[in-house]
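Trainee: After the C-alpha cells below, expect a handful of questions from me.
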Amino acid sequence: GGQSGFGKSWLTQWWTEDNLPKFPYLVVLDYKDEYRGLAKAGMANWAGVGNREAGMSAAAWRRFIEENERVLLARGVRDDQWREVCGAVARAARSLDGDVLVVIDESHFVAQQRGSYPDAVKGLATTGRGEGVASMWVTQRPAEIDETIISQCNTRILGGFTGEDLTKIGSIVDYPTGVHKSGGDPVPNLPDALRAEEGPIPVRRFEDEDENTLGSEWIYSTTSGDRRRIDSRDLSMTSTHYGRDGTSLSVPG
C-alpha cells in the first residue's frame, strides 16, 4: 500500500514478476490496466473484462485460467460488476489444482470496509493459503479495506500515507508509524533496520526534474518480526510498467 503517486503499482509489478517462477498460475485483477507490461514481456496473457466476461461463471473462469495459466484481467465494467467478477475468479482460483498467485489491484474497491462483497473474495485472505492460493492486496486507501482482509496479511510493504490511512496503518504495524507520514518530521525511536542513511526520517518518493517518479522507499514487515527499509531504485525487472496514461515510467537504477 501507498498513497497515489508513490509508485505502488511499479513495486507490485516487480514483486509479481519476481514471484512468478513459484506459481504455475497467475491472475492479476487489474483495475486500471497498469500491469499489461507483463503481457508485453510474454509473462502472461492479457484479457479485457467487458459485459460478456462479467457474466462468466466460476467454472468458466477456471477453464479460462487452466487454458492460459497466467492472465491479466483488465477491468472494463462498473465497480459493482467488477466485484462480482473478482468473486467468480476467486472461486475459480481456489478450485485449481496447483499453486496460484492472485493480485488484487485497488483492492479497496473489491473488499470494501463498508458494504457487501463476495464471500469468495474474503476467502482468498482467510483460507486461501491452505488451498494453495497466495494473494497480494494492493491499495492506496487501507482505511477503506475490510478489516478481515488487513488482519490476515502476514507480509506488508507500505509506503507513504496521510490522514485516516496513516491512522489505519497505526492499527496494523508494531513500529513507529511516523515513518509512513509523507513529508513528516524525523521519527523518534525508529529501529535501525527502518532508518535511511540520512537518519530516522519518513519514507520518501524520488522524482526527476519533470516530477516523474524515479523510485520510492517502503517498509517491509512480517508478522514474524522481519523488518527492513526498501528503496525501489535498487530494484529492476524485465517487464516494462505502464502508467494510466499509457506511457512508460522511468526504471530505477
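Trainee: Quick check, is I219 out of contact with any Ser or Thr (no Cβ under 9 Å at 6 or more places or on another chain), assigned to a strand (DSSP E or B) and surrounded by 18 or more Cβ atoms within 10 Å (Cβ to Cβ)? Step through it out loud before you land on a result.
Mentor: Details: out of contact with any Ser or Thr (no Cβ under 9 Å at 6 or more places or on another chain): yes; assigned to a strand (DSSP E or B): yes; surrounded by 18 or more Cβ atoms within 10 Å (Cβ to Cβ): yes.
Spelling it out, I219 is indeed out of contact with any Ser or Thr (no Cβ under 9 Å at 6 or more places or on another chain), assigned to a strand (DSSP E or B) and surrounded by 18 or more Cβ atoms within 10 Å (Cβ to Cβ).
Trainee: To continue, here is another question. Of all residues in region 21-38, how many are more than 13 Å from G132 (Cα to Cα) and part of a loop (DSSP other than H, G, I, E, B)?
Mentor: 6
Trainee: Take the residues in region 218-253 that are at pLDDT 90 or above and among the acidic types (D, E); name whichever of them is nearest to L38 (Cα to Cα).
Mentor: Only one residue tops the list, namely D234.
Trainee: Take region 39-55 and flag every residue that is open to solvent by less than 60 Å² (accessible area, probe 1.4 Å) and either touching a strand residue (DSSP E or B) at 6+ places or on another chain (Cβ under 7 Å) or outside any helix (DSSP H, G or I) (or both).
Mentor: Of everything in region 39-55, those that are open to solvent by less than 60 Å² (accessible area, probe 1.4 Å) and either touching a strand residue (DSSP E or B) at 6+ places or on another chain (Cβ under 7 Å) or outside any helix (DSSP H, G or I) (or both) turn out to be A39, A41, M43, A44, A47, G48, V49, G50.
Trainee: Right, something else. Of the residues in region 87-110, how many are within 19 Å of the chain's Cα centre (by Cα), among the aliphatic types (A, V, I, L, M) and either over 10 Å from V27 (Cβ atoms) or not in a strand (DSSP E or B) (or both)?
Mentor: 4
Trainee: While we're here: Among the residues of region 58-86, which ones are in contact with a helix residue (DSSP H, G or I) (Cβ under 8 Å, 6 or more places away or on another chain), assigned to a helix (DSSP H, G or I) and within 26 Å of L11 (Cβ to Cβ)?
Mentor: I65, D79, W82, R83, V85, C86 - these are the residues of region 58-86 that are in contact with a helix residue (DSSP H, G or I) (Cβ under 8 Å, 6 or more places away or on another chain), assigned to a helix (DSSP H, G or I) and within 26 Å of L11 (Cβ to Cβ).
Trainee: Taking the options V89, V100, V110, name whichever one is crowded, with 19+ Cβ neighbours inside 10 Å, in contact (Cβ under 8 Å) with a residue 60 or more places away in the chain and within 17 Å of S57 (Cα to Cα).
Mentor: V89
Trainee: Then there is this: Considering only residues that are touching a helix residue (DSSP H, G or I) at 6+ places or on another chain (Cβ under 9 Å), surrounded by fewer than 19 Cβ atoms within 10 Å (Cβ to Cβ) and among the aliphatic types (A, V, I, L, M), which ones fall in region 158-197?
Mentor: Scanning region 158-197 gives I172, V173.
Trainee: Identify, by number, the condition in (1) more than 19 Å from the chain's Cα centre (by Cα); (2) more than 20 Å from K22 (Cα to Cα); (3) modelled with pLDDT under 95 that R78 doesn't meet.
Mentor: Failing condition for R78: (3).
Trainee: Let me ask something additional. Filter region 222-242 for residues that are of a type in the set (V, I, T), surrounded by fewer than 16 Cβ atoms within 10 Å (Cβ to Cβ) and either out of contact with any Lys or Arg (no Cβ under 8 Å at 6 or more places or on another chain) or at positive phi (or both) and give the result.
Mentor: We begin by selecting, within region 222-242, every residue of a type in the set (V, I, T); these are 222-223, 230, 238, 240.
From what's left, surrounded by fewer than 16 Cβ atoms within 10 Å (Cβ to Cβ): 222-223, 238, 240.
Scanning region 222-242 gives T223, T238.
Trainee: Mind checking which residues of region 12-28 are within 20 Å of L158 (Cα to Cα) and among the β-branched types (V, I, T)?
Mentor: Here is the first cut: in region 12-28, the residues within 20 Å of L158 (Cα to Cα) are 12-19, 28.
Matches in region 12-28: T12, T16, V28.
Trainee: Of all residues in region 202-211, how many are touching a Lys or Arg at 6+ places or on another chain (Cβ under 8 Å) and closer than 15 Å to T177 by Cα?
Mentor: Residues that pass the stated criteria total 2.
Trainee: Go through (1) surrounded by 19 or more Cβ atoms within 10 Å (Cβ to Cβ); (2) farther than 28 Å from I219 by Cα and name the single condition A58 misses.
Mentor: (1)
The values are calculated or read from the model by the stated rules, or taken from the named source; none is laboratory data. All of these numbers come straight from a predicted model, not from anything done at the bench. So basically every Cβ, Gly included, is an ideal-geometry build from the backbone, and we count neighbours across all protein chains shown. Just so you know, the surface numbers come from the protein's heavy atoms only, side chains and all, with ligands and any DNA or RNA stripped out. Shrake-Rupley method; radii C 1.70, N 1.55, O 1.52, S 1.80 Å.
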